[in-house]
Every structure is written in structure tokens, then in C-alpha cells.
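No lab work stands behind these numbers, since they all come straight from the coordinates. Note that the coordinates shown come from a computational prediction; the quantities given were computed from them, not determined experimentally. So basically every Cβ, Gly included, is an ideal-geometry build from the backbone, and we count neighbours across all protein chains shown.
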Ligand code: UDP
Ligand code: MG
């Protein structure tokens, strides 16, 4: 389990206890990696103290507050399990749901990621549930991963999927899209959700803007990463071609002896042609970057999955 922790002092003891209650009876070997994201409320000291008592608790301390995505990434890089579960440190997710998620991954080779679905979400309607509903719709439309609840932190993964993903910025919000891009099959399973009883939510309405910018980035990244020329160049051609036609038309008028100087159309033609050329050049530059990206590092271009087990009667 990987848990990002930022100012969760009053939740940690109960979190650790409830994770233990949920996992110890299973007999599985497990670890709880709590990544302290630069808390200044004593969360880290408490984690260190709790780790004295529970060998399976592994605190990690980031040098400063980097944000939830980076905290998760730090945890992923340290996780040793075959399956990796994420959940929040504020007990809004219920550790008791974890074993069922793992069992599903164990039993169903068709599934690589299980995403929690907070059917009864216990947050404020106007400030949290509504923006979240809009974001869910937008993200699932834009990235073509249809989920009811993108934002649920409680998720379970096969290890190899996590190894293919690299989180930074606000990317944790888009993990299902990134996972699908990495070849994962994702299902949603209803999970419990509780109100935050202690500590405060770290996010206000201002994050909406960051999320929107990241959404633009992620859509662009997922859809056009391989073909920047198609994205920029396509738009460029839509401007360049009409722009040239306008200029040709004005050129003919000029040749016929008409004055064309004061026409708004001249301005439009010049701008469209110029912008069109620039966008096409931007697309070509993107193509160069893609090629450098693929030829540079030894980065895998694809991933394979295990062949299905032969049926007993076959
Ligand atoms: N968190 C973090 N770094 C941050 C902000 C939040 O590690 O900069 C952690 C936080 O401690 C919690 C999780 O990310 O475990 C989700 O944060 P929060 O509960 O405040 O968000 P909400 O549930 O309100 O979306
Ligand atoms: Mg929360």
C-alpha cells in the first residue's frame, strides 16, 4: 500500500491500525509505505514512532512538499509487492476494502487495475462533488476511459502497470488514462467512503485551474504524442489554405486595378497564412522531438501481456 501523507497527524495512528486489522488476517506479506510529503505538523515523527511497533510500516520522508503525485511516485518506486494499492491518508477510504480488491486481481487475469467507485461519496456537494462530477465527465470523454469516479484514491494495480507509469505535477488525477495507455485493463468496483473527520482537505477551488491545464496536456499527450504534425499541422492547413486563397483573390483584384489596402480581408489573409505556416512548423518541430524521444533513451515502445492459460480440455 502506498499512502501520500501531508499534515495527517491525527489520522495516522488509526490508519495504521485499520490497515493492520484489514491485512494481518489475510496472511499475505504486505507493507504500508507512508510517504510524508513535507508535513510540518509532526506527521513524520509519528510515522517513525509507529514504525517501531509495526515492521510492515515503512515511512518515507520527502525533503519538502511536492504534491500528491510526486509523493505517490516516491512510494511506487519503493514498493516491493506484486500488487500495489493506493489510498488516502485521511481515512476517507476504508482499508477494509483492500483485501477484496487484491483477491479480484489474483483471480481475474483479465484485470490489471481496479479503481474504487465512491457510490456514496461523503464530501460537500457544491464545492467537491459537483466539480468532481464535471471533471469525471470531461476526463472520461477526453481520454476515452469511461469511469464513474476518476478521483477515488483507492485503487489496486498489478505491479507492472505501476512500473510503466511516471507521475508528476497533477498527473495522479489521470492515472486510469495513463494506465490504459500503458496497456492496462481497468474495472471499477464500488467501495466505501467516509467523511473526513480529522485534519483538513489540502485542496481548494484554485486547484480546478491546474487540473484544467493538466487535462489539456494529458489529452494532447495521449492523443497526439505520436503525431504532433497531425494536431498542429492540421490546424495550420485550415488557416494556411484559406489564407492563401484570400491573398490570391486580393492579388487578382489588385492586378485588375482595384485598391486593396484598407480591406479587413487583407489583414485576415495575411494573418491566416502566417499563422498557418507557423503551426505547420510547430508540428514539424514536434515530429523532430518525437523522433529524438524514441531514438534517445532505451524506452520500451510497447508492453506485452502474459498469454492466457490454456483451457484444461484443450
Ligand atoms: N496530500 C499530499 N500532498 C499534498 C496534498 C495532499 O501527500 O500536497 C495527501 C493527503 O495527505 C491525503 C491525500 O493526498 O492523504 C489526499 O488529500 P486530501 O484528503 O486533502 O484531498 P481530498 O480528499 O480533499 O481530495
Ligand atoms: Mg481526502
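Starting from the Cα-Cα distance between residue 63 and residue 124, subtract it from 0.36 nm times their residue separation and give me the gain in nm to one decimal.
Working: separation 61, 0.36 × 61 = 21.96 nm, distance 3.22 nm.
Answer, rounded to one decimal: 18.7 nm.
Helix 68-78: angle to the longest alpha-carbon principal axis of the chain, degrees 0 to 90, nearest 10?
60
At 0.36 nm per residue, minus the direct Cα-Cα distance, what do residue 108 and residue 40 gain on full extension? Give it in nm, one decimal, please. Intermediate results must be reported in sequence, preceding the final value.
Working: separation 68, 0.36 × 68 = 24.48 nm, distance 4.19 nm.
This chain segment gains 20.3 nm when fully extended.
Below 8 Å, C-alpha to C-alpha, sequence gap of six or more: please give me the relative contact order for the chain in percent. Spell out each step's value before the answer.
Values: 456 pairs, mean separation 52.8, N = 314.
Worked out over the chain, it gives 17 percent.
Relative contact order for region 125-180 using alpha-carbon pairs under 8 Å, separation at least 6, rounded to a whole percent?
Numbers: 25 pairs, mean separation 19.4, N = 56.
Taking the mean separation of contacting Cα pairs over the length of region 125-180, I get 35 percent.
How far is helix 98-107 tilted, in degrees, relative to the longest principal axis of the Cα atoms in the chain, given as a value from 0 to 90 rounded to the nearest 10?
Tilt relative to the chain: about 70 degrees.
Can you list the residues of region 112-146 with backbone N under 19 Å from a point 7 Å past the Cα of residue 187, pointing along Cα to Cβ?
112-119, 145-146
Applying a 10 Å radius around every beta-carbon, put 25-35, 118-128 in order of their mean neighbour count, most first. Before the final figure, lay out the partial values.
Numbers: 25-35: 17.4, 118-128: 13.4.
Per-residue mean Cβ counts within 10 Å order the peptides as 25-35, 118-128.
Multiply the residue gap between residue 249 and residue 96 by 0.36 nm, knock off their C-alpha separation, and tell me the result in nm, one decimal place. Show your work: numbers first, answer last.
Working: separation 153, 0.36 × 153 = 55.08 nm, distance 7.17 nm.
Once the chain is fully extended between residue 249 and residue 96, it gains 47.9 nm.
Give me the log10 of I(q) over I(0) for region 112-179 at q = 0.18, 0.24, 0.27 Å⁻¹, as the Debye formula computes it from C-alpha points; what are the numbers?
-0.71, -1.15, -1.34
GNM, the chain, Cα, under 10 Å: largest mean-square fluctuation among 66, 249, 150?
249
Modelling each spin label as a point 7 Å along the Cα-to-Cβ direction, I'd like the residue 313/residue 271 distance in nm, to one decimal.
7.0
Would you mind computing the Rg to Rh ratio of the chain from its alpha-carbon coordinates, Kirkwood style for Rh?
On the way: Rg = 25.4 Å, Rh = 22.6 Å.
Radius of gyration over Kirkwood radius for the chain works out to 1.12.
How far is helix 43-53 tilted, in degrees, relative to the longest principal axis of the Cα atoms in the chain, given as a value from 0 to 90 rounded to the nearest 10?
Tilt relative to the chain: about 40 degrees.
Using only the Cα atoms of region 159-228, build the gyration tensor, take square roots of its eigenvalues as a ≥ b ≥ c, and label the shape rounded, prolate or oblate: rounded if a/c is under 1.5, else prolate if a/b is larger than b/c, else oblate.
Values: a/c = 2.47, a/b = 1.34, b/c = 1.84.
Note, shape of region 159-228 comes out oblate.
Between region 182-242 and region 105-152, how far is it from one alpha carbon centroid to the other, in angstrom?
Centre-to-centre (Cα) distance: 13 Å.
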